[in-house]
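Enquirer: Below you'll find the structure I mean.
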Number of protein chains: 2
Amino acid sequence: MSKAVSIWVDSHRQRLLDELFELIRIPSVSTLPEHVPDVARAAAFTADKLRAAGLENVEIIPTDGHPLVYADWLHAPGKPTVLCYGHYDVQPPDPLDLWVSPPFEPELRNGNIYARGAVDDKGQFYMHVKAIEALFAVHGKLPVNVKVLIEGEEEIGGKSISKFVPLNKAKLAADVALVSDTALYAEGLPTLCIGLRGLVYMEIVAQGPSRDLHSGLYGGAAPNAVYGIIELLSKFKDADGRILVPGIYDDVVDPAPEELASWQSLPFSEAAMLRDEVGAASLTGEPDRSVLERVWSRPTMEVHGIAGGFTGAGAKTVIPATATAKVSFRLVPNQKPEAVVAAVKAFVEAHSPKGVVCTVNVLSHGPGLLVNPNHPAIEVAAAAFAEMMGRPTVFTRSGGSIPIVGEFHEQLGIPTILMGLGLPDDGLHSPNEKFKLANYYLGIETVAHFLEMYGD
Amino acid sequence: MSKAVSIWVDSHRQRLLDELFELIRIPSVSTLPEHVPDVARAAAFTADKLRAAGLENVEIIPTDGHPLVYADWLHAPGKPTVLCYGHYDVQPPDPLDLWVSPPFEPELRNGNIYARGAVDDKGQFYMHVKAIEALFAVHGKLPVNVKVLIEGEEEIGGKSISKFVPLNKAKLAADVALVSDTALYAEGLPTLCIGLRGLVYMEIVAQGPSRDLHSGLYGGAAPNAVYGIIELLSKFKDADGRILVPGIYDDVVDPAPEELASWQSLPFSEAAMLRDEVGAASLTGEPDRSVLERVWSRPTMEVHGIAGGFTGAGAKTVIPATATAKVSFRLVPNQKPEAVVAAVKAFVEAHSPKGVVCTVNVLSHGPGLLVNPNHPAIEVAAAAFAEMMGRPTVFTRSGGSIPIVGEFHEQLGIPTILMGLGLPDDGLHSPNEKFKLANYYLGIETVAHFLEMYGD
């Protein structure tokens, strides 16, 4: 690893922290209209710091929503190009009363920075900015070509960036994308996430009678929309969580034996997950699959919410006319979202109960993704990470979806390195979100080290 | 029938209508705090008119809620005593924009009185008051002893009257109760309702994880409270609506062949019910039972409402921690509410899905009721009704529950005559509630005629 970068980081520790604190103090909550000026300030701050780091062509790009910030440095001919991505917007901080220190006044406690956005994603994308500054400072140039694209709508769906990417393929052309918006699998364990699940999100609406009916006068003969949607949804899965929609597993590719073996070597405790994270009577799911297999490499069906009929205090005896459920399917790589949508629609049509008409509205759909761990950029990233932390890098997947990774894959044809320095208990989107201070500095060095190695 | 009463009604038509209009104009909406003074005004109006009719011992009885109005006339020694019951409170009128004429400005159109409370129950209990006045006017006395009890909380659960009845058994002692708060089976068809279903109303709460979880990170391994309650509730009934709770049909007594035969002779069109009342794709329920059997003499299970997880606009990918459903069972005569509650609790315990804890809170329970059509008072009522309308009286049941009828049965040991003059399309609780004007006058005469015949 680069001693020079290490020394530079060490000698600028306070300033690196002060700048991050300054960024965190801007309450850039993208979902709240009253914070529009703050979001704009965070964009301006980001642009200023990209310029100060040594990048060129710095732009604040207006959108229908919050602006994008772009910058580049393209003076390494013959070297690869890295597209750094991050987001400067944050989740709302409520419930406020659960915060130990105010969400937008970062505080150092127990070696952690506590604040909204500390790890998601201000602290992490700022590692990129400071890594670039460090490389300029010690080498006078960058070892690779770099493009930076930071958005302000990640927490509200990333609409503007997903419009921008397909219209700016040449501008964004690169060999690999680098994203620091994930976590280490465990403290001290260098981790690259190489698989993400896709998502098909839909709303199912059930219509029974044309209006709510009196359950005394009609109960026994009139269809009930709430019970109808219950009957329908109950048919989607068996008691072990296996999805019963015909064909849904057809395109599922099981992880290779080596990948499964590597997961088995990860430190994982089902008991700890149940106790510390889930807090239920027991875990559930396909009994012939490990928990990591279930959440990383198996499709799932969830009902996220359901509403219908009378739900106030007390008793009201209606036969509800309508009911609605929010339903999603997580997809694994190689599953086709369109095929899943078609299979689900056919299933709903086949299984709608008597007297109840059920319709499906698809709100969004995106495929799962698997990055080839033997891709040169991934191999370099894994090596750089391993050198920095003194242990072999582990390859994991995530059960979640990061749509921008799909956009980079589909629109730009490039893989993404998910090099996150968060920790599993950082409390993203929750009160007392934190980022381990040591990981902030380590992240700056690791990103710089990756860029150096990738340039060689 | 009594010519004298008929002549009296005919010669007072306008005043009888004016007084009812005056009563209807008082917006005695019992559920809305801003109408408390109006409810009190309606009670005072009722008391005044009971006194004016010739009754004695008129009282406005304060309660924890809205007052009860009581009056009596007990100077017919050796004659039976009739307890007349009704309610002077009404449902809220909203949605206001669907009313053709304002809800509290009664309007005569097409031979109907359009107004909130026209048929439920101001127009109907006022028939009792005016029948009593007519009898005093033409005979100088009543043919039977009469007690009148009118409440102001029927539309909000009748809490005060159900406290009052058990504490005032002597005061309310009677041979039969007379209630006009139901409808004719069809226009022109004298109808006595002799069966009511009971009701067990409960809330089922499902608890999965201790907090909402990210469906990407935990989907496939963590229990989902919404899906858990769906799985549980789906097991309660088969596709034809048969309840699958063990033992639930044990105490169900099928109607006697003669009663079933009499139902088959009622004018009933399944197609018209589906088209005009239910408005769904089809009716549902036990295929080996007629529609009237299903709603009058079979227990049912309904989910009145369900709530859990994210139900706003758009997409949110949570695994919900909790879900709640409002569930009721309609019971038929001879079923024991306590036994049903116990069976349902055992069923919930046996069928709660893995990782989800489901609890049952019973909000209310009351038994079904069957009045013996050969009871002397019922026979007299049927004969009086038949004479007035020129057709034999039909005996029907209702799938609904009228708790006060159960109170009179249990606390006072008396049957209730459900002699209602409404029509099936009167729109109770809905905009443009109506009461056929001719039925108002007919009701006054019919009630008077019944009291005359019952006194003979």
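Values quoted throughout were computed directly from the atomic coordinates according to the rules given, and no laboratory measurement underlies them. Since the structure is predicted, the reported quantities are computational estimates derived from the model, not experimental observations. Here Cβ is always computed from backbone atoms with ideal geometry, including for glycine, and neighbour counts include all displayed protein chains.
Enquirer: Of the listed peptides A:66-73, B:443-450, A:385-392, what is their order by residue-averaged count of other C-beta atoms within 10 Å, with the highest listed first?
Expert: Details: A:66-73: 23.2, B:443-450: 26.2, A:385-392: 15.9.
Taking the mean over residues of other Cβ atoms within 10 Å, the ranking is B:443-450, A:66-73, A:385-392.
Enquirer: Now a separate question. Through the Karplus equation 6.51 cos²θ - 1.76 cosθ + 1.60, θ set to phi - 60°, convert the phi angles of the stretch A:98-104 into ³J(HN,Hα) values in whole Hz; use x for Gly and Pro.
Expert: So the Karplus estimates, Gly and Pro as x, are 8, 7, 6, 10, x, x, 10 Hz.
Enquirer: Then there is this: Relative to a virtual label point 7 Å from the Cα of A:Asp456 in the Cα→beta-carbon direction, which members of the stretch A:168-188 show backbone nitrogen distances below 11 Å?
Expert: none
Enquirer: Please report Rg over Rh for the stretch B:32-90, where both radii come from the alpha carbon positions and Rh follows the Kirkwood definition.
Expert: 1.05
Enquirer: Next question, about the same structure. Give me the distance between the Cα centres of the stretch A:365-443 and the stretch B:417-456, rounded to whole Å.
Expert: Cα centres, the stretch A:365-443 to the stretch B:417-456: 75 Å.
Enquirer: So for chain A, averaging the separation of alpha carbon pairs under 8 Å that are six or more residues apart and normalising by length, what relative contact order in percent results?
Expert: Working: 941 pairs, mean separation 116.5, N = 456.
Averaging sequence separation for qualifying contacts and normalising by length gives 26 percent for chain A.
Enquirer: Then there is this: Mind ranking B:264-275, A:79-90, B:354-365, B:223-234 by how tightly packed they are, going by the mean number of other C-beta atoms within 10 angstrom, highest first? Please list the in-between numbers first.
Expert: Working: B:264-275: 12.3, A:79-90: 24.7, B:354-365: 17.1, B:223-234: 27.5.
Highest mean packing first, the order is B:223-234, A:79-90, B:354-365, B:264-275.
Enquirer: Also, I was wondering about something else. If I model a spin label at B:Ile7 and B:Lys159 as a point 7 Å from the Cα along the Cα→Cβ vector, what separation in nanometres do I get?
Expert: Going from the B:Ile7 label point to the B:Lys159 one covers 5.1 nm.
Enquirer: Ok, one more. Bin by bin, in steps of 5 Å, what percent of the Cα pairs in the stretch B:238-304 do you find, going until the bin that has the longest distance?
Expert: Pairs per bin, as whole percents: 3, 14, 22, 25, 19, 12, 5, 0.
Enquirer: Multiply the residue separation of A:His139 and A:Ala313 by 0.36 nm, subtract the distance between their alpha-carbon atoms, and state the gained length in nm to one decimal. Each step should come with its number before you reach the end.
Expert: Numbers: separation 174, 0.36 × 174 = 62.64 nm, distance 6.80 nm.
Full-extension gain reported as 55.8 nm.
Enquirer: So what is the relative contact order for the stretch A:324-410, in percent, with contacts set as C-alpha pairs under 8 Å and at least six apart?
Expert: Numbers: 44 pairs, mean separation 25.3, N = 87.
Once divided by the residue count of the stretch A:324-410, the mean separation gives 29 percent.
Enquirer: If you take the charge dipole of the protein assembly as shown about its Cα centre, with +1 on Lys and Arg Cβ and -1 on Asp and Glu Cβ, which of A:Ala313, A:Leu283, A:Ser210 is farthest toward its positive end?
Expert: A:Leu283
Enquirer: Right, another one. For chain B, what does the helix formula give at 222 nm: sum of -39500 (n - 2.57) over DSSP H segments with n ≥ 4, over the residue count, nearest 500 deg cm²/dmol?
Expert: Working: 14 runs with 151 residues, N = 456.
Estimated from H runs of four or more residues: -10000 deg cm²/dmol.
Enquirer: Now for a different question. Ordered shortest first, which distances in nm separate the 7 Å Cα→C-beta label point of B:Pro92 from those of the other copies?
Expert: Nearest to farthest, the other copies are at 2.5 nm.
Enquirer: With a Förster radius of 56 Å, plug the Cβ-Cβ distance of A:His375 and B:Leu260 into 1/(1 + (r/R0)^6) and report the FRET value to the nearest 0.05. It would help to have the intermediate numbers written out before the result.
Expert: Details: r = 76 Å, r/R0 = 1.36.
Efficiency for this residue pair is about 0.15.
Enquirer: Run the label-point distances for B:Lys169 please: 7 Å along Cα to Cβ, every other copy, nanometres, shortest first.
Expert: So the label point of B:Lys169 gives 8.8 nm to the other copies.
Enquirer: Assigning unit charges at the beta carbon (Lys, Arg +1; Asp, Glu -1) and nothing else, what dipole magnitude in debye, to the nearest 20, does the stretch A:142-220 show about its Cα centre?
Expert: Details: 7 positive and 9 negative charges, 80 e Å.
Dipole magnitude for the stretch A:142-220 comes out near 380 debye.
Enquirer: While we're looking at this one, here's another question. Over the stretch A:163-241, what is the relative contact order in percent, taking alpha-carbon pairs closer than 8 angstrom and at least six residues apart?
Expert: Working: 20 pairs, mean separation 14.7, N = 79.
Once divided by the residue count of the stretch A:163-241, the mean separation gives 19 percent.
Enquirer: Report, in order of residue number, the helices in chain B meeting two criteria: a C-alpha extent of 18 Å or more along the helix axis, and a mean Kyte-Doolittle hydropathy of at least 1.0; treat each whole DSSP H run as one helix. Could you put the intermediate results ahead of the total?
Expert: Working: long enough: B:36-53 (26 Å, 0.30); B:123-139 (24 Å, 0.62); B:337-351 (21 Å, 0.86); B:376-389 (20 Å, 1.25); B:437-455 (28 Å, 0.49).
Passing helices, by number: B:376-389.
Enquirer: Then there's this: For peptide A:352-358, how many partner chain Cβ atoms fall within 10 Å of a residue's Cβ, on average?
Expert: On the way: counts 1, 4, 9, 8, 4, 2, 0.
Mean inter-chain Cβ contacts per residue within 10 Å come to 4.
Enquirer: Can you pull the mean other chain C-beta count within 10 Å for peptide B:269-275? It would help to have the intermediate numbers written out before the result.
Expert: Details: counts 0, 1, 0, 0, 3, 4, 1.
Average neighbour count from other chains, rounded to a whole number: 1.
Enquirer: Next question, about the same structure. Which whole-angstrom value gives the distance between the alpha carbon centres of the stretch A:163-224 and the stretch B:208-229?
Expert: Centre-to-centre distance over Cα atoms comes out at 15 Å.
Enquirer: Hey, another quick one. On a C-alpha basis, how far is the centre of the stretch B:112-141 from the centre of the stretch A:259-282 in Å? Whole number, if you could?
Expert: Taking the Cα centre of each part, the stretch B:112-141 and the stretch A:259-282 sit 73 Å apart.
Enquirer: Over all alpha-carbon pairs of the stretch B:172-318, lay out the pair-distance distribution in 5 Å bins, whole %, shortest bin first.
Expert: Each 5 Å bin holds this share of Cα pairs: 1, 6, 11, 14, 14, 13, 11, 9, 8, 5, 4, 2, 1, 0.
Enquirer: Distance from a point 7 Å along Cα→Cβ of B:Ala272 to each backbone N in the stretch B:409-438: keep the residues under 12 Å and list them by number.
Expert: Within reach of a label on B:Ala272, which here means backbone N under 12 Å from a point 7 Å along Cα→Cβ, the stretch B:409-438 contributes B:424-425.
Enquirer: Extending each Cα 7 Å along its Cβ direction at A:Ser282 and B:Ala386, get the distance between those two points in nm, one decimal.
Expert: Going by the 7 Å Cα→Cβ label model, 6.4 nm.
Enquirer: Which semi-axes, in whole Å and largest first, does the equivalent ellipsoid of chain B have when worked out from the alpha carbon gyration tensor as the square roots of 5 times its eigenvalues?
Expert: Details: eigenvalues 370, 122, 93 Å².
With the √(5λ) rule applied to chain B, the semi-axes are 43, 25, 22 Å.
Enquirer: How do the peptides B:104-116, A:321-333 rank, highest first, by the average count of neighbouring beta carbon atoms within 10 Å per residue? Could the numbers behind the result be given before it?
Expert: On the way: B:104-116: 18.2, A:321-333: 24.4.
Result, highest mean first: A:321-333, B:104-116.
Enquirer: Would you tell me the mean number of C-beta atoms belonging to other protein chains that fall within 10 Å of each C-beta in A:202-213, as a whole number? Don't jump to the answer; show the numbers that get you there.
Expert: Values: counts 1, 4, 0, 0, 0, 3, 5, 7, 5, 4, 2, 5.
Partner Cβ neighbours, averaged per residue: 3.
Enquirer: Same structure again: Counting residues in the stretch A:44-127 as N, plug N into 2.2 N^0.38 Å and put the Cα Rg over that result.
Expert: On the way: Rg = 16.2 Å, N = 84, 2.2 N^0.38 = 11.8 Å.
Rounded to two decimals, the normalised Rg is 1.37.
Enquirer: Another question, then. From the label point of B:Ala386, set 7 Å along Cα to the beta carbon, how far off in nm is each other copy's matching point, shortest first?
Expert: With the label placed 7 Å along Cα→Cβ, B:Ala386 yields 9.8 nm.
Enquirer: Averaging the inverse of every distinct alpha carbon separation and then flipping it gives the Kirkwood radius. What is it for the protein assembly as shown, in angstrom units? Walk me through the numbers on the way to the answer.
Expert: Values: mean 1/r = 0.0313 Å⁻¹.
Radius from the Kirkwood sum: 32.0 Å.
Enquirer: Could you quote the convex hull projected area for the stretch A:254-359, Cα atoms only and averaged over all directions, in nm²?
Expert: Numbers: hull surface 41.5 nm².
The Cα convex hull of the stretch A:254-359, projected and averaged over all directions, gives 10.4 nm².
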